[in-house]
1. What is the number of the single condition among (1) closer than 17 Å to Q103 by Cβ; (2) in a strand (DSSP E or B); (3) touching a residue at least 60 places away in the same chain (Cβ under 8 Å) that C21 does not meet?
2. Could you name every one of the strands (runs of 3 or more DSSP E) located completely within the stretch 39-117 that has at least 2 residues being among the hydrophobic types (A, V, I, L, M, F, W, C)?
3. Return the total of residues in the stretch 39-53 being open to solvent by less than 20 Å² (accessible area, probe 1.4 Å) and either in contact with a Lys or Arg (Cβ under 8 Å, 6 or more places away or on another chain) or farther than 13 Å from A96 by Cα (or both).
4. Filter the stretch 60-117 down to residues that are closer than 18 Å to A22 by Cα and among the charged types (D, E, K, R) and give me whichever is most open to solvent (accessible area, probe 1.4 Å).
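The values are calculated or read from the model by the stated rules, or taken from the named source; none is laboratory data. Values in this document were obtained by computation on a predicted structure and should not be read as measured data. Note that each Cβ is placed from the backbone with ideal geometry, even for glycine, and that neighbours are counted across all protein chains shown. Side chains included, ligands, DNA and RNA excluded: accessible areas come from the protein's heavy atoms. Shrake-Rupley method; radii C 1.70, N 1.55, O 1.52, S 1.80 Å.
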Amino acid sequence: VQLQASGGGSVQAGGSLRLSCAASGRTSGHHTGWFRQAPGKEREFVASITWNIGRTYYSDSVKGRFTISRDNTKNTVYLQMNSLKPEDTAVYYCAARPLASSQYDSWGQGTLVTVSS
């Protein structure tokens, strides 16, 4: 699976952004997720979704503010980010793993999200 992330930018606190992750290759048996890495911090899980039934998972830090979704016709996963906070500032990456694996083995390039107070 090859991934292409887009949609980052700068926004004020309380604003919204939508990230897109366009996938190519065999996605049906995969789980696609978003991760982020803030300056000086470890990369952390944000949200994920299964391509087949659309089951979603969220980190506690974004639950209720971010929504992950997918459009199977466009092979694209979205991350709608609302009520953004300065602590959401990070480079966001999309990644994919086979459903039977716990390891994400396909990564897209990062897209920067900057939230100013």
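1. (1)
2. It comes to 44-50, 66-71, 76-81, 90-98, 111-116.
3. First, pick out the residues of the stretch 39-53 that are open to solvent by less than 20 Å² (accessible area, probe 1.4 Å): 46-51.
Those left that are additionally either in contact with a Lys or Arg (Cβ under 8 Å, 6 or more places away or on another chain) or farther than 13 Å from A96 by Cα (or both): 46, 49, 51.
Here the count works out to 3.
4. Within the stretch 60-117, the subset closer than 18 Å to A22 by Cα is 67-81, 91-98, 104-113.
Those still in the list that are among the charged types (D, E, K, R) too: 70-71, 74, 97, 105.
Details: R70: 73, D71: 42, K74: 131, R97: 42, D105: 98 Å².
For the stretch 60-117, the residue satisfying everything is K74.
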